[in-house]
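Heads up, the thing below is written out as structure tokens.
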Amino acid sequence: MGSIILEARDIRYRYPRSMEAIRGISFHIQKGEKIALVGPNGAGKSTLLMMFNGMIRPDTGIILFDNQLVRYDTASLRTLRKRVGFVLQNPDRQIIAPTVYQDVAFGPTNLGYPETEVRKAVTLALRHVGLEGFERRPPHQLSGGEKKRVAIAGVLAMDPDVLVFDEPTSGLDPSGSEDIMELLDELNHGGKTVIISTHDVELAYPWADRSILLLEGRILQEDIPEVAFGNPEFVRMAHLSVPLLLELYTELQKRGFSLPDKKPRTVLDIMHLIETLFQNTCCRARPGTITVCNVDLDNEELLLEWISSSTKISVGAMGTRAKQRAENRQIRLDFTYGVIDKCILKALLGEDSLILTTGSMVDRVHTRVEDYGKESGIHITVNPLEPGIVQTNKKSKRQT
Ligand code: ADP
């Protein structure tokens, strides 16, 4: 994070023969940030998002992308849209070709990539969203979640720096929504700036680095989620609700409990807070161990052997490739979203867990567990999957 990638200066916009939809908005977004635009229907979220890749031009004010003024001639828009990918709310409006391959190839072909490059870009994008092998499928036969992934792959095929998602989980069931949010995290971890719009406070609160609350075309509040959603008056004005964990924190505070300043954003945070409150009255098990398996390495035999001989452990997968590997090998997954925190929670109960993941996400596990250790004073061991690593708890054998 650091440098600014997108900036708006006092922008305004009115649809023809309609009220002003954007009424003087200024903000900046930094490279690598996860931003949630949150507000009720009609607040101006979609309109604002469409300005990020030049689909809508503000009537007044300016937008800067990577410190350059956004221009609206065909060549400039083409360049901008290569760098700012936009995923529409409804994938049926984004998917246009008769097969998945053709649809994902549309962007890079249009950009004039040679055929070999197009093929490479499509393969990589489909791999990223977990749709390898879907190339010949007609998109209309896919599930809502799969269509969403095709739309995302179509955007990823152009390798943009910024990804904009209008209501990314709309129309998806809870598990489909979790998968998409996990994918957004993965893309962000790979260096993309990710901007979403949503009216789902519980979705935005734990996810975003920063939330922008919009109401009637204006910014009501813009801050880290604990602050952005921490003012009940603003939240009410925006027809939203205070996130449950934040409300619980406030209620505990009102009752005179002495709480740490850091407000909880996840179940792990609230558990830590509760354990701190009751630290003298409950006994703690010896923490379990977290084992991390990088499925990109040539370790499948070891993994299968390890799982089948392991004592009772929970298994989580982070990232599409890891989930796919688990599915191909019929490894039952206990966690597919918020995996690191869920494994820390298991460790706090004295139970062991295994995380399947790939590439740089391995470091993320170490960093998150180390950060938790610094905050809580509880050391949890993270081991790579290697021959000879054993569980700390010997219990009943796990079924795969
Ligand atoms: P949100 O995404 O927060 O629901 P929108 O950006 O879709 O909000 O809409 C902002 C305002 O602009 C609303 O008052 C809406 O009625 C109006 N609006 C949106 N699209 C159009 C359009 N194509 N023509 C006229 N008015 C529109």
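The values are calculated or read from the model by the stated rules, or taken from the named source; none is laboratory data. Computed from a predicted structure; not experimentally measured. Cβ atoms come from the backbone with ideal geometry, glycine included; neighbour counts cover every protein chain shown. Accessible surface areas use protein heavy atoms only, side chains included; no ligands, DNA or RNA. Shrake-Rupley method; radii C 1.70, N 1.55, O 1.52, S 1.80 Å.
Details
Residues checked against (1) assigned to a helix (DSSP H, G or I); (2) out of contact with any Leu (no Cβ under 7 Å at 6 or more places or on another chain); (3) among the charged types (D, E, K, R); (4) within 8 Å of the ligand (Cβ to nearest atom):
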{"residue": "ILE11", "(1), (2), (3), (4)": "no, yes, no, no"}
{"residue": "ARG23", "(1), (2), (3), (4)": "no, yes, yes, no"}
{"residue": "PHE27", "(1), (2), (3), (4)": "no, yes, no, no"}
{"residue": "GLY32", "(1), (2), (3), (4)": "no, yes, no, no"}
{"residue": "THR47", "(1), (2), (3), (4)": "yes, yes, no, yes"}
{"residue": "ILE56", "(1), (2), (3), (4)": "no, yes, no, no"}
{"residue": "GLY61", "(1), (2), (3), (4)": "no, yes, no, no"}
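- Criterion (small (Gly, Ala, Ser) and modelled with pLDDT under 90) met by exactly one of SER314, SER360, SER353: SER360
- Residues of the range 219-228 include at least one that is without any contact (Cβ under 8 Å) to a residue 12 or more places away in the chain and assigned to a helix (DSSP H, G or I).
- Exactly one residue among LEU187, LEU214 is in contact (Cβ under 8 Å) with a residue 12 or more places away in the chain, in a helix (DSSP H, G or I) and closer than 27 Å to ILE5 by Cα, and that residue is LEU187.
- Positions within the range 14-25 being open to solvent by less than 60 Å² (accessible area, probe 1.4 Å) and free of Cβ contacts under 8 Å to residues at least 60 places away in the same chain, in sequence order: SER18
- Annotation: of all residues in the range 171-185 being small (Gly, Ala, Ser) and open to solvent by less than 50 Å² (accessible area, probe 1.4 Å), the one that is nearest to the ligand (Cβ to nearest atom) is SER177.
- Any chance PRO264 is more than 23 Å from ARG23 (Cα to Cα) and either touching a residue at least 24 places away in the same chain (Cβ under 8 Å) or more than 16 Å from the chain's Cα centre (by Cα) (or both): yes
- Checklist (1) surrounded by fewer than 20 Cβ atoms within 10 Å (Cβ to Cβ); (2) more than 16 Å from the ligand (Cβ to nearest atom); (3) more than 26 Å from ASP66 (Cα to Cα) applied to ASN90, failing item: (2)
- Meets criteria (over 23 Å from ASP223 (Cα atoms) and either in the same structural domain as VAL150 (by TED's automatic domain parsing) or over 27 Å from the mean Cα position of the chain (by Cα) (or both)) for PRO114: yes
- Filtered residues of the range 34-43 (kept if open to solvent by 10 Å² or more (accessible area, probe 1.4 Å) and near the ligand (Cβ under 8 Å from one of its atoms)): PRO40, ASN41, GLY42
- Check on LEU297, among the aliphatic types (A, V, I, L, M), assigned by TED's automatic domain parsing to the domain that holds LEU356 and without any contact (Cβ under 8 Å) to a residue 40 or more places away in the chain: yes
- Count of residues meeting criterion [within 16 Å of PRO108 (Cα to Cα) and open to solvent by 40 Å² or more (accessible area, probe 1.4 Å)] in the range 49-87: 6
- Of the residues examined, SER197 is one that is within 16 Å of the ligand (Cβ to nearest atom), more than 30 Å from GLU117 (Cβ to Cβ), in contact (Cβ under 8 Å) with a residue 40 or more places away in the chain and crowded, with 20+ Cβ neighbours inside 10 Å.
- Condition met for MET51 (within 14 Å of the ligand (Cβ to nearest atom) and in contact with a Pro (Cβ under 8 Å, 6 or more places away or on another chain)): yes
- Test for HIS189: is it within 15 Å of the ligand (Cβ to nearest atom), open to solvent by 20 Å² or more (accessible area, probe 1.4 Å) and under 16 Å from the mean Cα position of the chain (by Cα): no
- Qualifying position, being away from the ligand (no atom under 16 Å from the Cβ), in contact (Cβ under 8 Å) with a residue 40 or more places away in the chain and assigned to a loop (DSSP other than H, G, I, E, B), among PRO160, PRO206, PRO168: PRO160
- When the range 229-268 is filtered for residues that are of a type in the set (Ser, Thr, Tyr) and either closer than 20 Å to TRP207 by Cβ or outside any helix (DSSP H, G or I) (or both), the ones remaining, listed by number, are SER241, TYR249, SER258, THR266.
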